[in-house]
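Accompanying notes for the structure given below.
The values are calculated or read from the model by the stated rules, or taken from the named source; none is laboratory data. This structure is a prediction, so every number in the text was calculated from the model and none was measured. Please note: Cβ atoms are built from the backbone with ideal geometry, for glycine as well, and neighbour counts cover all protein chains shown. The protein model used for the area step is the full one, side chains on, heavy atoms only, and it has no ligands, DNA or RNA in it. Shrake-Rupley method; radii C 1.70, N 1.55, O 1.52, S 1.80 Å.
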Amino acid sequence: MAGAIIENMSTKKLCIVGGILLVFQIIAFLVGGLIAPGPTAAVSYMSVKCVDVRKNHHKTKWLMPWGANQCDKIRDIEEAIPREIEANDIVFSVHIPLPHMEMSPWFQFMLFILQLDIAFKLNNQIRENAEVSMDVSLAYRDDTFAEWTEMAHERVPRKLKCTFTSPKTSEHEGRYYECDVLPFMEIGSVAHKYYLLNIRLPVNEKKKINVGIGEIKDIRLVGIHQNGGFTKVWFAMKTFLTPSIFIIMVWYWRRITMMSRPPVLLEKVIFALGISMTFINIPVEWFSIGFDWTWMLLFGDIRQGIFYAMLLSFWIIFCGEHMMDQHERNHIAGYWKQVGPIAVGSFCLFIFDMCERGVQLTNPFYSIWTTDVGTELAMAFIIVAGICLCLYFLFLCFMVFQVFRNINGKQSSLPAMSKVRRLHYEGLIFRFKFLMLITLACAAMTVIFFIVSQVTEGHWKWGGVTVQVNSAFFTGIYGMWNLYVFALMFLYAPSHKNYGDDQSNGDLGVHSGEELQLTTTITHVDAPTEIYKLTRKEAQE
């Protein structure tokens, strides 16, 4: 009888394969922890208050905070009063990056959050549900002597969420509110060396624009971008892993097509999982170094979503194909109850991502969380996706329980078998349980390392060695799922080894009853795998 490689491989060879995969797994963690820097870097920017008393602001001139053509500046808002400078004439200017530095395409993206320094004044307090309206212009250039080119110009509303911990009396005037940070801007590529932000806070009392927002003293920004060193390590990993997974995928499908029977559902799903892993591995990010592709973040989210949806579907089908009755197996329609929540949850997250990063392709200052309707819509999508995820795991846990119960039930028939046959099937059961435990370990490792990366400072120091925990998480988990898919396609490929072809049932001491009890009557070389046949329930049960 023929089966998958995992069924015909000796325990020694299986341990050798496992050891090799474990070595590569350790290397994946070490690459991120010891070679790569931290995945991201955060840079703080303090805006400079420029004065612009011209009409038709921003149409003829950009205001630079420093340099040869720097603007006319004021140190604080109090200085504007004796100079009779109105609020509409003040421009908060921020140059990205800091002086004597350059941005690089290796940074991949820019994410900015905004912090407002708002002073308490008795006659100018922050009203309930106050909203600040900013007129923001973004420009870029690649040479310090070149003219600025406008990249975006938008009205950016943000709701203020501020508290004042001291009593609201005249003695506490001048103290600052404690305000939540606000999402400000996200750009999916860093194609230029220099960027310039000009931020206005236009006041219109008739239209109630920027009225009741307190006295804004300063605007601070924190810019987050991917480290160039980490990007290079990440690209190198993707470049190495792409041909590895692609080659094993071609080898796996070639073995299946050599069979005289058509592929079964489980084999198709494993192949689809390999395709999704290859899709996420293809290092198209190399093109972002030379092209201004702002959609790369959205494209990356879609690729990850496809892979994880395929992975979750594989787990359900893998369990189901080892549990269901013969007439229910090998048909994707039999899993609509389990796969349905995956499809609905993935679709909700896709719509949410399109509403956020999809819109940011044309408006980098947009955020779905800035309006009440947008927040409710986003929360609805996330809640529905969360419910679907919970339903999925309930289904999965139930199916895993059913599979193990089915296997344990079949084990009661093993003592009546001959020693050789019993050892053979005990090996099959062990290998199946082993794969299930490895799957659980991979999922647990992902969750554990994610939690560790969130609660630690980002790096550990052991003597003179610094380990970048966050980088190790990214490279290690990414390598782990590649190795998982690689192992699946290798171990579940059809084996050319035919168990018992050279021996009769009589030679093995196997009675026809025990053969029918644990397997189907099909013993053709191209039959489904032994585990497939071993763990299913007979239709009459």
FRET efficiency, 1/(1 + (r/R0)^6) with R0 51 Å, evaluated for Ile35 and Glu79 via beta carbons: 0.55
So, in the stretch 41-226, how many Lys pairs have Cα atoms under 16 Å apart, if the pair is 8 or more places apart or on different chains? 8
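With a 10 Å radius around each residue's Cβ, average the other Cβ atoms per peptide and rank 406-415, 131-140, highest first.
Packing proxy ranking, top to bottom: 131-140, 406-415.
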Once the dipole of the stretch 166-267 is set up with Lys and Arg at +1 and Asp and Glu at -1 on Cβ about the Cα centre, which of Gly212, Leu241, Tyr177 lies farthest towards its positive end? Leu241
Alpha-carbon gyration tensor eigenvalues x 5, square-rooted, for the stretch 157-267, Å: 58, 20, 16
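Multiply the residue separation of Glu147 and Ile448 by 0.36 nm, subtract the distance between their alpha-carbon atoms, and state the gained length in nm to one decimal. Show your work: numbers first, answer last.
On the way: separation 301, 0.36 × 301 = 108.36 nm, distance 4.93 nm.
Residue separation times 0.36 nm, minus the Cα-Cα distance, leaves 103.4 nm.
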Can you give me the C-alpha center-to-center distance between the stretch 334-370 and the stretch 208-229, rounded to a whole angstrom? 27 Å
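If eta is 1.567 mPa s and T is 4 °C, what Stokes-Einstein diffusion coefficient results for the stretch 77-214, Kirkwood Rh from Cα pairs, in µm²/s?
On the way: Rh = 17.1 Å.
Using the Kirkwood radius from Cα pairs, D works out to 76 µm²/s.
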Full-stretch length increase - Glu86, Cys390 - with 0.36 nm per residue and alpha-carbon distance subtracted: 103.9 nm
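Provide the per residue accessible area, probe 1.4 Å, for the stretch 231-379, rounded to a whole number of square angstrom. Show your work: numbers first, answer last.
Details: 7020 Å² over 149 residues.
That works out to 47 Å² per residue.
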Kindly report, to the nearest 10 Å², the accessible surface of Trp106 as traced by a 1.4 Å probe over protein heavy atoms only. 60 Å²
Need one word for the stretch 20-101: rounded, prolate or oblate. Basis is the Cα gyration tensor (sqrt eigenvalues a ≥ b ≥ c); a/c below 1.5 gives rounded, then a/b vs b/c decides. prolate
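With every protein chain kept in the model, how would you rank Ile317, Ile247 by accessible area, 1.4 Å probe, largest at the top?
Ranked list, largest accessible area first: Ile247, Ile317.
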Exposure of Thr242 as accessible area (Å², to 10), given a probe of 1.4 Å and all protein chains: 20 Å²
Per-residue counts of other Cβ atoms within 10 Å, averaged by peptide: what ranking do you get for 118-124, 12-18, 218-224, highest first? 218-224, 118-124, 12-18
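Compute the accessible area per residue over the stretch 41-226, keeping the other protein chains in place, probe 1.4 Å, unit Å². All intermediate terms of the calculation are to be shown ahead of the outcome.
Values: 9730 Å² over 186 residues.
On a per-residue basis, the stretch 41-226 sits at 52 Å².
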Per-residue HN-Hα couplings for the stretch 204-212 [Karplus 6.51, -1.76, 1.60; θ = phi - 60°; Hz; x = Gly/Pro]: 9, 5, 5, 8, 6, 8, 6, 10, x
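How much of the accessible area of the stretch 243-285, in percent, comes from carbon and sulfur atoms when a 1.4 Å probe is used? Write out the running numbers ahead of the final one.
Values: 1410 of 1870 Å².
The nonpolar share, carbon plus sulfur, comes to 76 percent.
Where the accessible area of the stretch 41-226 is counted over protein heavy atoms with a 1.4 Å probe, how much of it, in %, is carbon and sulfur? Each step should come with its number before you reach the end.
Values: 4810 of 9730 Å².
The value for the stretch 41-226 is 49 percent carbon and sulfur by accessible area.
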Reported to the nearest 10 Å², Val53 has, with a 1.4 Å probe, an accessible area equal to 110 Å²
